[in-house]
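For reference, the structure discussed in these notes is given below.
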Amino acid sequence: MHETDPVAVTILRELIAADGSHRSGESLGETLGCSRVSIRNKIQQLTDADFQIEAIRRKGYRLVALPPSLDALALRALLEMTTPLYFLDTTDSTNSEAERRLASGAEAPFVVVAARQTAGRGRLGRKWESADLGNLYLSAAFRPHLPPSRMSLFTLWMGLSLCRELSNEYRVPLKVKWPNDLLLEGRKVAGMLTEARIDADRTRDLIFGIGLNITGDVTAFPEALRTIATTLQSATSTPLNANRVTAFVVTSLLTAYEQFMAGIPTETFPQHWQAFCALTGSEVSVRGLDRELSGKVMGINGQGQLLLKTSTGQQHALHAGEVSLSRGAGT
Ligand code: BTN
């Protein structure tokens, strides 16, 4: 069955909209303009493709569960949007894939989702562990054409928006760690990597990549990550489905981008950040390109810089760097 099979997508959308109730084969047939037998055959194909669909005589069909791993058909059924979504079972890096598509002239925005990556990239040249099928590897590509000076809050805005939306939707105590991590109870649940091509006066194109651990098995992560990483699932007793969470993330990110382009209130941004900030009040050390600083995090300023007060009382505004918590500092 092809991932864009229109009959399969429509049946799934009808069953998703029925929200756990049954839909008769007859009414599905009427909606789709095809026979009950064709519906039954398509339902069988969906069941073979890992969709759990209950069939009860005289009641009809009920969607019990979507496939547990990321699935192109499930995402198409969940997301009714005009923005193109490219789904890949495996790619090197969704950021690289988005970059290639932009270079070959693809219209933006678009979204690339992969079930796994073979060369996932993190910040500062690090590797991003990307083998687990329960986790999300996503890049959204844009051509904002804004002056670079207007982009300073972009990644922070996207991260904060996602943090707020996911916290509300899944009732989890997510926090943002400057500049672009999401933490759950002190452990990393998501990392973001923004890559841009900038001309002298405008940001030509921009790729916002996010790796989000949804239902993956942390015990299967490399040992070094097991104690510092976690999943969204770990903080909620409701069973999560990676496809539903991904659809929610895609919608939230595209909305956040539209809001950013419309103009966000930069003066009040630090207050909004503060509400979800994992670091304020913590003693941290910051490794920059040319120096290392230790001090107390006071928050961020309107340009998205981290405000750090050292033991001498001097306040520093740090634009880019890697923040690591000092030993003994609680967040
Ligand atoms: C970090 O915390 O260092 C940032 C990690 C960003 C990982 C995501 S996964 C999807 C996208 N593709 C990549 O190669 N990297 C980003």
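The values are calculated or read from the model by the stated rules, or taken from the named source; none is laboratory data. Bear in mind the structure is a predicted one, so any value in this text is a computation, not a measurement. Note: ideal-geometry Cβ built from the backbone for every residue, glycine included; neighbour counts use all protein chains shown.
Within the range 123-159, if we keep just the residues that are assigned to a helix (DSSP H, G or I) and among the hydroxyl-bearing types (S, T, Y), the residue that is surrounded by the most Cβ atoms within 10 Å (Cβ to Cβ) turns out to be T155.
Condition check ((1) closer than 23 Å to L306 by Cα; (2) among the basic types (K, R); (3) assigned to a loop (DSSP other than H, G, I, E, B); (4) in contact with a strand residue (DSSP E or B) (Cβ under 7 Å, 6 or more places away or on another chain)) across all residues:
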site	(1), (2), (3), (4)
L193	yes, no, no, yes
G216	no, no, yes, yes
Q233	no, no, no, no
T246	no, no, no, yes
T266	yes, no, yes, no
Q271	yes, no, no, no
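Given the conditions (1) more than 27 Å from T266 (Cα to Cα); (2) within 14 Å of the ligand (Cβ to nearest atom), which single one is not true for S104? Status for S104: all satisfied but (2). Could you please find all residues in the range 298-312 being crowded, with 19+ Cβ neighbours inside 10 Å and more than 27 Å from the chain's Cα centre (by Cα)? Of everything in the range 298-312, just one residue is crowded, with 19+ Cβ neighbours inside 10 Å and more than 27 Å from the chain's Cα centre (by Cα), namely L308.
Among the residues making up the range 64-101, a single one is in contact with a Pro (Cβ under 7 Å, 6 or more places away or on another chain) and either within 13 Å of the ligand (Cβ to nearest atom) or over 29 Å from A196 (Cβ atoms) (or both): A74. For R116, the test of being within 16 Å of the ligand (Cβ to nearest atom) and more than 15 Å from E195 (Cα to Cα) is passed.
Test A106 against the stated conditions and say whether it is assigned to a loop (DSSP other than H, G, I, E, B), touching an Asp or Glu at 6+ places or on another chain (Cβ under 7 Å) and without any contact (Cβ under 8 Å) to a residue 40 or more places away in the chain. It is false that A106 is assigned to a loop (DSSP other than H, G, I, E, B), touching an Asp or Glu at 6+ places or on another chain (Cβ under 7 Å) and without any contact (Cβ under 8 Å) to a residue 40 or more places away in the chain. The set of residues from the range 275-297 being loosely packed, with under 12 Cβ neighbours inside 10 Å and of a type outside the set (A, V, I, L, M) comprises D290, R291, E292.
If you take the residues in the range 236-267 that are within 16 Å of F142 (Cβ to Cβ) and of a type in the set (S, T, N, Q), which one is surrounded by the most Cβ atoms within 10 Å (Cβ to Cβ)? Don't jump to the end; show me each part of the working.
Here is the first cut: in the range 236-267, the ones within 16 Å of F142 (Cβ to Cβ) are 249-264.
Checking which are of a type in the set (S, T, N, Q) leaves us with 251-252, 255, 259.
Values: T251: 16, S252: 18, T255: 12, Q259: 13.
So, considering only residues that are within 16 Å of F142 (Cβ to Cβ) and of a type in the set (S, T, N, Q), the one surrounded by the most Cβ atoms within 10 Å (Cβ to Cβ) is S252.
In summary, L75 fulfils each of the numbered conditions (1) under 30 Å from W273 (Cβ atoms); (2) at pLDDT 95 or above with the single exception of condition (1). When restricted to residues that are at negative phi, surrounded by 21 or more Cβ atoms within 10 Å (Cβ to Cβ) and not in a loop (DSSP other than H, G, I, E, B), the range 45-65 contains 3.
Do we find a residue being on the phi > 0 side of the Ramachandran plot and either among the aromatic types (F, W, Y) or not in a strand (DSSP E or B) (or both) anywhere in the range 302-316? Full working, then the answer.
First pass over the range 302-316, keeping only residues on the phi > 0 side of the Ramachandran plot: 304, 313.
Filter once more, keeping what is either among the aromatic types (F, W, Y) or not in a strand (DSSP E or B) (or both): 304, 313.
Checked the range 302-316: at least one residue is on the phi > 0 side of the Ramachandran plot and either among the aromatic types (F, W, Y) or not in a strand (DSSP E or B) (or both).
Cβ-Cβ distances below 7 Å connect the following pairs, each with a first residue in the range 85-101 that is over 19 Å from A72 (Cβ atoms), a second residue that is near the ligand (Cβ under 9 Å from one of its atoms) and of a type outside the set (D, E, K, R), and a separation of six or more residues or different chains: N95/S139; N95/L193; N95/I207; N95/G209; E99/I207. Does G186 satisfy being within 11 Å of the ligand (Cβ to nearest atom) and either closer than 29 Å to L66 by Cβ or surrounded by fewer than 20 Cβ atoms within 10 Å (Cβ to Cβ) (or both)? No; evaluated as a whole, the condition is false for this residue. Taken over the range 237-271, the criterion of being at pLDDT below 95 and touching a Phe, Trp or Tyr at 6+ places or on another chain (Cβ under 7 Å) is satisfied by I264 alone.
Any chance you could count how many residues in the range 66-90 are within 16 Å of E14 (Cβ to Cβ) and loosely packed, with under 14 Cβ neighbours inside 10 Å?
First pass over the range 66-90, keeping only residues within 16 Å of E14 (Cβ to Cβ): 66, 73-74, 76-80.
This time we only want the ones that are loosely packed, with under 14 Cβ neighbours inside 10 Å, so: 80.
Count: 1.
Checked across the range 161-175, the condition of being more than 12 Å from the ligand (Cβ to nearest atom), within 22 Å of R202 (Cβ to Cβ) and surrounded by fewer than 19 Cβ atoms within 10 Å (Cβ to Cβ) holds for no residue.
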